[in-house]
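In what follows, a single structure is set out as structure tokens and then discussed.
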Amino acid sequence: AALSMANLCPTKKPLTSKGLQDPENWNGWGVDAVNSRYQAHTSIRADNVTGLKLKWAFGIPDASTAYGQPTAVAGRLFFGSGDGTVYALNAESGCTIWTYQAETTVRTAITVAAARANRALAYFGDGEANLYALNADTGKLAWRVNVGGHRPARITGAPQFYGGILY
């Protein structure tokens, strides 16, 4: 826990509804409701890809794997790890905005969506079929529910938020 919080961001800019609608976001697993897995809105092109340079790197402490792909939303990166830690990083600097410790392995991408009370929630599932909603600004648990029904149940696919319903 101490290692994951070693590079805390000095300031934490709140997410905005405008930031959630940015077409360059990569939210959840497949970018859009039809799971196209293609990002049409990007500044990376064939003529400038060779000029890309590593800006920062992040090592997941005490975890050998991260199953779900990172989610890039409103200048933040969200991802889970094999030890159950969920991270929110500043995409520009790589500093840690917050961490959350789930009950077990997080295998899904994180899906971020607007919720009531003018806030955004980060949704994900874990290896024991728990579905979580965290405050995307603070990492505080909004709710958690087990959707399994039997002991070996697990969630391995990213939740999808569409038309006000979480699938």
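Do we have any residue at all in segment 132-143 that's of a type in the set (S, T, Y), surrounded by fewer than 20 Cβ atoms within 10 Å (Cβ to Cβ) and closer than 20 Å to L166 by Cβ? Yes; the residues of segment 132-143 include at least one that is of a type in the set (S, T, Y), surrounded by fewer than 20 Cβ atoms within 10 Å (Cβ to Cβ) and closer than 20 Å to L166 by Cβ.
Tell me, yes or no, whether segment 144-166 has at least one residue that is under 29 Å from A6 (Cα atoms), in contact with a strand residue (DSSP E or B) (Cβ under 7 Å, 6 or more places away or on another chain) and open to solvent by 40 Å² or more (accessible area, probe 1.4 Å). Checked against the condition, which is being under 29 Å from A6 (Cα atoms), in contact with a strand residue (DSSP E or B) (Cβ under 7 Å, 6 or more places away or on another chain) and open to solvent by 40 Å² or more (accessible area, probe 1.4 Å), segment 144-166 yields at least one hit.
You will find that of T108, T99, the residue that is touching a strand residue (DSSP E or B) at 6+ places or on another chain (Cβ under 7 Å), over 19 Å from A6 (Cα atoms) and at pLDDT 90 or above is T108 and no other.
So that you can scan it fast, the table gives a plain yes or no per residue for (1) closer than 24 Å to P14 by Cα; (2) open to solvent by less than 30 Å² (accessible area, probe 1.4 Å):
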{"site": "G59", "(1), (2)": "no, no"}
{"site": "Y67", "(1), (2)": "no, no"}
{"site": "G75", "(1), (2)": "yes, no"}
{"site": "G80", "(1), (2)": "yes, yes"}
{"site": "A88", "(1), (2)": "yes, yes"}
{"site": "Y100", "(1), (2)": "yes, no"}
{"site": "E103", "(1), (2)": "no, no"}
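Scanning segment 41-80 for residues that are aliphatic (A, V, I, L, M) and within 20 Å of the chain's Cα centre (by Cα) gives A57, I60, A63, A66, A72, V73, A74, L77. Which residue out of S93, S43, S17 is in contact with a strand residue (DSSP E or B) (Cβ under 6 Å, 6 or more places away or on another chain), surrounded by fewer than 15 Cβ atoms within 10 Å (Cβ to Cβ), farther than 18 Å from Q160 by Cβ and small (G, A, S)? That would be S17, the only listed residue that is in contact with a strand residue (DSSP E or B) (Cβ under 6 Å, 6 or more places away or on another chain), surrounded by fewer than 15 Cβ atoms within 10 Å (Cβ to Cβ), farther than 18 Å from Q160 by Cβ and small (G, A, S). Just to be sure, is N27 at pLDDT below 90 and polar (S, T, N, Q)? Taking the combined requirement at face value, the residue satisfies it. A Cβ distance below 8 Å, combined with a sequence gap of six or more or placement on separate chains, defines the contacts here; from segment 36-57, residues that are closer than 23 Å to P23 by Cα reach residues that are not in a loop (DSSP other than H, G, I, E, B) and not charged (D, E, K, R) in the pairs Q39/W26. If I filter segment 70-93 for residues that are within 21 Å of A142 (Cβ to Cβ) and modelled with pLDDT under 85, do I get at least one hit? There is no residue in segment 70-93 that is within 21 Å of A142 (Cβ to Cβ) and modelled with pLDDT under 85. Taken over segment 20-30, the criterion of being part of a loop (DSSP other than H, G, I, E, B) and either within 17 Å of L166 (Cβ to Cβ) or open to solvent by 40 Å² or more (accessible area, probe 1.4 Å) (or both) is satisfied by Q21, D22, P23, E24, N27, G28, W29, G30.
The values are calculated or read from the model by the stated rules, or taken from the named source; none is laboratory data. Predicted model, so just to flag it, every value in this text is computed and none were measured. Quick reminder, even Gly has a Cβ in these numbers, built from the backbone with ideal geometry, and neighbours come from all protein chains shown. Side chains are part of the model used for accessible areas, which takes the heavy atoms of the whole protein and leaves out ligands, DNA and RNA. Shrake-Rupley method; radii C 1.70, N 1.55, O 1.52, S 1.80 Å.
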